[in-house]
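Following: one structure in structure tokens, then a few remarks.
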Amino acid sequence: MKKHVMGYSISIALLFVVTWFAVSIGSVKIPFSILWHPSTADEASLNILWKIRMPRVILAGLVGAALAMAGAAFQGLLKNPLADPYTLGISSGASVGAVITLFFGISTSAFGLLTLPVFSMLGALMAMVIVLSFAKLVDRSMKMETLILTGIIMSSFLSAVISLMIALTGEELRQILNWLMGSVSMRGWVYVRMIWPFLFIGALLLWLNRKELNALLFGEERAHYLGVNVKRSKWMILIGGSILTGSAVAVSGTIGFVGLVVPHMTRLLFGSDHRHVLPLSFINGATLLIFCDLIARTIIAPTELPIGVITSFIGAPVFAFIFFKQRRKVR
């Protein structure tokens, strides 16, 4: 218990510190104290704070939290430390759903502003179902290598679909290429409003299945004897993770490895109990992406790097480390 209290304390403190730096640092330096004493700031600083920097920082935090929590759930469900929305092809599925929405100009009165994240989530869920079905068809035991290779194949195919749609359009959709690299730049409060309902629903679904995730770590048969409705729980976890992934991709594009690195490090430091892994991954995912976005917009200022580039530089070595560590265990 003491370890978990320390984990929450450190995680929340890190989130606060990183948020402080992210809000303050930029082309115009803004003191964090402006939040408590707005009367001391000029109008230009207030506009930069509330119209540009604050929505960007909050959106980065929400996207990071969504991807990390989804990754924690997928890793627990599949009992595989390499499972995350990016490596399983789910982010690519969400991207296809979003690009199809833009390509055909789909807009429904029923969903309104939420049309893009809804179609993005449907794409994520379909990709997840196809990857798991194909992996089980090839190898009923769904070994780590089979699952990852299936995810890579799915990602490659869906990337080709996206490239085809972009090639068939005019210049108006070529900006999707930049969007797909991942960014939270100049999104504004409208994108924060777009993601938070789905973030809440997806996170709630996973949180309600936290005990089931713990039981599934011992295998489906033992979980069944412990009273878990295995089929229902698996679908709830898959749907919750797909909602989080789809909503994140819809507002920020494809950002890789957050759902891989954060849950893995959280388990190493604080154990595998999903009652703590899920919320700690949520907090630390927000911290990591806010930090990566800060690096992306300041490292070669005034030019901005796509945030997906920074997360890939961090995530790729971690992915390689986990993969070779797992291979040694198998041998």
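Since every read-out is calculated from the coordinates, none of them should be taken as a lab result. Just so we're clear, the structure is a prediction, and the values are computed from it rather than from any experiment. Using ideal geometry, Cβ is built from the backbone for each residue, glycine included, and neighbour counts are taken over all protein chains shown.
A compact table of results
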{"read-out": "Positive minus negative residues near N214 (Lys, Arg vs Asp, Glu; Cβ under 10 Å)", "value": "+1"}
{"read-out": "Charge dipole (debye, nearest 20) of the stretch 229-331; +1 at Cβ of Lys and Arg, -1 at Cβ of Asp and Glu", "value": "760 debye"}
{"read-out": "Calculated FRET value between I130 and I300, using beta carbons and R₀ = 35 Å, to 0.05", "value": "0.35"}
{"read-out": "By average C-beta atoms within 10 angstrom, highest first, the peptides 268-274, 116-122, 43-49", "value": "116-122, 268-274, 43-49"}
{"read-out": "Degrees between helix 230-252 axis and first principal axis of the chain (Cα, 0 to 90, nearest 10)", "value": "30 degrees"}
{"read-out": "Which labelled figure in [x] 21.9, 67; [y] 20.8, 61; [z] 19.8, 65 is Rg and Dmax of the Cα atoms in Å, once derived from the coordinates", "value": "[z]"}
{"read-out": "Helix-only mean residue ellipticity at 222 nm for the chain, each DSSP H run of n ≥ 4 adding -39500 (n - 2.57), per residue, nearest 500", "value": "-24000 deg cm²/dmol"}
{"read-out": "Where a label projected 7 Å from the Cα of L226 along Cα→Cβ would reach, residues of the stretch 62-85 with amide N under 17 Å", "value": "73-80"}
{"read-out": "FRET efficiency, K3 to W189 (Cβ-Cβ, R0 41 Å, nearest 0.05)", "value": "0.65"}
{"read-out": "Difference of contour (0.36 nm per residue) and Cα-Cα distance, S159 to L46", "value": "36.6 nm"}
{"read-out": "Nearest-ten-degree value, helix 90-103 long axis tilted from longest Cα axis of the chain", "value": "50 degrees"}
{"read-out": "Vicinal HN-Hα couplings computed from phi for the stretch 187-192 (Karplus, 6.51 cos²θ - 1.76 cosθ + 1.60; Hz; Gly/Pro x)", "value": "8, x, 5, 4, 6, 5"}
{"read-out": "Principal-axis tilt of helix 307-330 within the chain, Cα atoms, nearest 10 degrees", "value": "20 degrees"}
{"read-out": "Under 28 Å from the Cα of K211 - lysines, other chains or at least 8 residues apart", "value": "K2, K3, K79, K136, K143, K231, K234, K325, K329"}
{"read-out": "Additional length obtainable on full extension of the chain from I25 to L208, 0.36 nm per residue less Cα span", "value": "62.1 nm"}
{"read-out": "Farthest toward positive dipole pole in the stretch 1-155 [+1 Lys/Arg, -1 Asp/Glu at C-beta], among I10, M126, L49", "value": "I10"}
{"read-out": "Trypsin sites (Lys or Arg not before Pro) within the stretch 45-96: DSSP coil, no more than 10 neighbouring Cβ in 10 Å", "value": "none"}
